[in-house]
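Here is the structure we will look at.
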Amino acid sequence: MKVSLTVEAGLVPTFLSLLQEGFRIQGNVGSSVRSFLCEQLGISPEYVEKRIQTIFLNGSAVDDVEKAVVSDGATLSLSAALPGLAGAVLRKGGYYAAMREEISCKGEASSASVKSGKVLMKLFNMPLQELGPVFLERGVWVRGERLGDILRAHADAFQAGCRSALIDGREITFKDLLNRDWQTEDVLLKVKTN
């Protein structure tokens, strides 16, 4: 199911918790983390280098974004620098990276067969704030149950600030959107501002 919402700009942050919990995105897999982020998702190399300081691929810290390969079904988490000693240890290529050798992503050769696949992504702190609205506008796959929870929890704000709602290209009222049974459906969610 495809859900497209046009909302007032102040409502966009309401959806960011979905992106922190995890959302699926389709792209070509079998390439490096850098290639996936820059070429597939359109994030600038400078942003990846300077703003994204902590990267986890399938729960392992990534130091070399050229060697770590994103596979179909992978989980990729992005964060700016985390505070304190934990942040210093987890920072990609950081001075203390040797302290986490057991949880570091070992580099592997890129797959010869780049193919279409889905990746579970999670965004935290600055990347969540800066990249989240961009991902929402492009469209992200989320659990329908969680989308329903957010709509119900903020029903009054959405009632006032939702300018249009479409399901599979057909316009529906916010009331119908709110009352929908989201339990069993995954949703391709697109959120843009008016």
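Derivation of every value follows stated rules applied to the coordinates shown; laboratory data play no part. Small disclaimer: the values here were computed from a predicted structure and weren't measured. Here the Cβ is made from the backbone with ideal geometry for all residues, glycine too, and neighbour counts use every protein chain on show.
Entry remark, the stretch 110-148: residues being assigned to a helix (DSSP H, G or I) and of a type in the set (A, V, I, L, M, F, W, C) number 7 in total. Just one of (1) touching a Phe, Trp or Tyr at 6+ places or on another chain (Cβ under 8 Å); (2) crowded, with 18+ Cβ neighbours inside 10 Å; (3) closer than 30 Å to residue 48 by Cβ fails for residue 128. It is (1). Taking the condition in a helix (DSSP H, G or I), of a type outside the set (Val, Ile, Thr), in contact with a strand residue (DSSP E or B) (Cβ under 8 Å, 6 or more places away or on another chain) and under 26 Å from residue 120 (Cβ atoms), does residue 151 pass? So residue 151 does not fit the description; no.
Residues satisfying the criterion are absent from the stretch 18-29 (criterion: closer than 20 Å to residue 124 by Cα, without any contact (Cβ under 8 Å) to a residue 24 or more places away in the chain and touching a helix residue (DSSP H, G or I) at 6+ places or on another chain (Cβ under 9 Å)). Among the residues of the stretch 135-152, the one identified as aliphatic (A, V, I, L, M) and free of Cβ contacts under 8 Å to residues at least 60 places away in the same chain is 151.
Taking the stretch 1-53 as the range and being within 16 Å of the chain's Cα centre (by Cα) and assigned to a strand (DSSP E or B) as the test, the residues that pass are 23, 24, 25, 26, 27, 28, 29. Entry remark, the stretch 163-179: residues being over 25 Å from residue 121 (Cβ atoms), touching a residue at least 24 places away in the same chain (Cβ under 8 Å) and of a type outside the set (A, V, I, L, M) number 3 in total.
Is there a residue in the stretch 22-43 that is under 28 Å from residue 113 (Cβ atoms), touching a Gly at 6+ places or on another chain (Cβ under 6 Å) and surrounded by 21 or more Cβ atoms within 10 Å (Cβ to Cβ)? Yes, because at least one residue in the stretch 22-43 is under 28 Å from residue 113 (Cβ atoms), touching a Gly at 6+ places or on another chain (Cβ under 6 Å) and surrounded by 21 or more Cβ atoms within 10 Å (Cβ to Cβ).
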